[in-house]
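First the structure, in the form of structure tokens, and then the observations on it.
Just so you know, all these numbers are worked out from the coordinates, no wet-lab data involved. Nothing here was measured: the structure is a model prediction, and the numbers come from that model. Ideal geometry is used to build each Cβ from the backbone, glycine not excepted, and the neighbour counts take in all protein chains shown.
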Amino acid sequence: MITEARKYQAFYTKSTPIVDYMVSKLQLNSLDKILEPCGGDGVFIDCIIEHNEFAKIDICELNPFAINILQKKYSNFQNINIRECDTLLDDELSFNSNFGGFYDKIIANPPYGAWQDYEKRIILKKMYSDLYAKESYTLFLYRCIELLKDNGILSFIIPDTFLNLHMHKSIRKHILTKTKIKELALFPSSFFPGVNFGYANLSIITLQKSNNQIEIRNNSFEVKTNYNNVEQLNNRNEDDLKIYTFSQNEILENPDYAFLISDNSLVSKTINNSKLKLGDIANCVTGFYSGNDKVYLKVNSHNLKNGKNYEIIDSKKINKDYKNINDILNGIETEKCYLPIVKGGNTKFLKPVGWYMNWSTEAVSHYKNDKKARFQNPKFYFKFGIGVPMISSSSITASLIENKLFDQSIVGIFPFEENLTYYLLAFLNSPTCNKLIRTINPSANNPANYLKKIPYKIPTEIQKNKIDEQITIILNSIKENGNYSSDNEKIINLIIEEIYGF
Ligand SMILES: C[S@@+](CC[C@H](N)C(=O)[O-])C[C@H]1O[C@@H](n2cnc3c(N)ncnc32)[C@H](O)[C@@H]1O
């Protein structure tokens, strides 16, 4: 069963900064004929009539429930015409676009990847034969470009995948040959309340229809990225932004007309095109929780970060030979029943040992039965792998789990081939990996499901050997002196950069 929300992709633009920015890009004027092709509950309309009470507005909307809301809301507005129709198929709109456009301004947050039934898909494929019919937003964009008059302006909020994915080559060509791009703002999908698609960013594209091919080709436009927050969209002070200027001619000469914007486009390209992901070469799993750490967890010193409220471990109770105990997942019967556990905290390469978990048979039985405890993914406990804290401070970090327990604030990464562990440890600590994970998920969280999506590139034998060598030096240095030389890390990061290209 398909839900109503999924069917209509009813993600309304409940963000004043986004709505204000998009409406400002339309350069409204009192005689404008305006189209909102995906009405929703009218967020764009509300903002438009605030500026221009008598604007002549047509709203199209497919969902009868939303139509009902719109009709009630705008019942006193003679100038607002609401139609329950399918924007992509509607005959009246087709008629208007066949006559060279009808609207001065169009504003939309169209459905992304909206579900279409089989019959409709066949019609859409015929009507929009050049486009990738499964991605609804490109069909809306095409439709609306056709509906604009010469010099008419459109502002759309859509995923940024049209900028370089192969399947969107035709819509790129259409934009680049029928319109002048006025501005392109790129930002994380998390700026849109309630949405975060992980793999793609969002964009707001502002276009002006043009019949003048020379002007189109010579048109240059700005791409703005690096927004820290959504409010910055309307900020006149653009000091923090990265602004790139392109001419349309230049983009038309790129392979597949791809918009190759900054290193970030290479990052998204790598994410979108990579055949292998971390999840294909390693298990990425969440760790253990006792259910009551105050009782079961101990520290070797109160100087340990966040360690003050825990009891100090009696060193006689630490079991150093636990690796040789066969049925360790059932607990230890002797008094030496405390085992090292790796917890969160952003330390690269290797964390000092400081935390010990009670692993007596009674305690383990409690972990297995207690409702609050999480005895999850036990086959990875005490194995050789890597831990990535679920929450990063600034950059993602990874440290070795040398056959220890790891807690639930950590994602354990256990390569299917153990000899990849050092290479992955190097990669997960690199700026390259940080760019990838922050593009996949711009928040500072690294849950297992996002980590699994990180593209994996196979290093050459030489690259891998060099990295293994540098990691060995770093690990030995941490064990001997508690620190390591940044020169070794730089060498590693350069090799990773060479492998990924950024
Ligand atoms: C992402 S929402 C955006 C709504 C509103 N414009 C906003 O920004 O809050 C997309 C809207 O388009 C409507 N819709 C989906 N497919 C449509 C179609 N083929 N024709 C017209 N409206 C459609 C949905 O019902 C939904 O209200």
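For Lys368, a cut-off of 17 angstrom between C-alpha atoms picks up these lysines, skipping any fewer than 8 places away in its own chain: Lys379. Protection proxy ranking of 90-102, 52-64, 149-161, by the mean of other Cβ atoms within 10 Å over each peptide's residues and highest first, is 149-161, 52-64, 90-102. Dividing the summed helix terms, -39500 (n - 2.57) for each DSSP H run of n ≥ 4, by the number of residues in the chain produces a 222 nm estimate of -9500 deg cm²/dmol to the nearest 500.
In terms of packing, defined here as the mean over residues of other Cβ atoms within 10 angstrom, the peptides 480-486, 397-403 line up highest first as 397-403, 480-486.
Under 1.5 on a/c is rounded, so check that first for the range 4-271, then, if it is not, pick prolate when a/b is larger than b/c and oblate when it is not; a ≥ b ≥ c are the square roots of the alpha carbon gyration tensor eigenvalues. It is rounded, given that a/c, with a ≥ b ≥ c, falls under 1.5. Would you list which lysines come within 18 Å of Lys33, measuring only between C-alpha atoms, while excluding same-chain residues fewer than 8 positions from it? Reachable lysines: Lys25, Lys56, Lys105, Lys149, Lys209. Please name which of Val195, Tyr381, Val223 has its Cα lying farthest along the dipole of the chain towards the positive end, using unit charges on Cβ (Lys, Arg +1; Asp, Glu -1) and the Cα centre as origin. The listed residue farthest towards the positive side: Tyr381. Among Phe349, Phe375, Phe77, Phe44, sorting on how many other beta-carbon atoms sit within 10 Å of each Cβ, with the fewest leading, yields Phe77, Phe375, Phe349, Phe44. Charged side chains reduced to their Cβ positions (Lys and Arg at +1, Asp and Glu at -1) give the range 278-500 a dipole of some 660 debye around its Cα centre. Taking the charge dipole of the range 4-271 about its Cα centre, with +1 at Lys and Arg Cβ atoms and -1 at Asp and Glu Cβ atoms, the residue from Ile45, Leu260, Asn151 reaching farthest to the positive side is Leu260. Its Cα gyration tensor gives the chain an equivalent ellipsoid. The semi-axes, each the square root of 5 times an eigenvalue, are 53, 26, 20 Å from largest down.
How big is the charge dipole of the range 4-271 about its Cα centre, in debye rounded to the nearest 20, if each Lys and Arg gets +1 on its Cβ and each Asp and Glu gets -1 on its Cβ? The calculation lands at about 480 debye. Under 14 Å of direct C-alpha separation, and excluding same-chain neighbours fewer than eight residues apart, Lys320 reaches these aspartates and glutamates: Glu335, Glu402. The lysine pair count for the range 411-502, using Cα distances under 20 Å and pairs eight or more places apart or on different chains, is 9. Each Lys and Arg adds +1 at its Cβ and each Asp and Glu adds -1 at its Cβ; summed about the Cα centre, the chain shows a dipole of about 1020 debye.
Answer with one residue from Asn326, Ile312, His302: the one whose Cα lies farthest towards the positive end of the charge dipole of the chain, charges on Cβ with Lys, Arg +1 and Asp, Glu -1. Highest projection toward the positive end goes to Asn326. Shown for Tyr244, Tyr367, Tyr118: other C-beta atoms within 10 Å of each C-beta, ranked fewest to most, produce the order Tyr118, Tyr244, Tyr367.
Rounded to the nearest 5, what is the percent of antiparallel bridges among the DSSP beta bridges in the chain? For the chain, the DSSP antiparallel bridge percentage is about 60. A straight chain from Thr334 to Asp487 at 0.36 nm per residue would run longer than the Cα-Cα distance by 50.6 nm.
If a helix is a whole DSSP H run, which ones in the chain reach 15 Å or further along their own axis (Cα) and hold a mean Kyte-Doolittle hydropathy of at least 0.0? Counting only whole DSSP H runs, the qualifying helices are 136-147.
Taking a ≥ b ≥ c as the square roots of the eigenvalues of the Cα gyration tensor of the range 145-296, is the shape rounded (a/c under 1.5), prolate (a/b larger than b/c) or oblate? Cα axes put the range 145-296 in the prolate bin.
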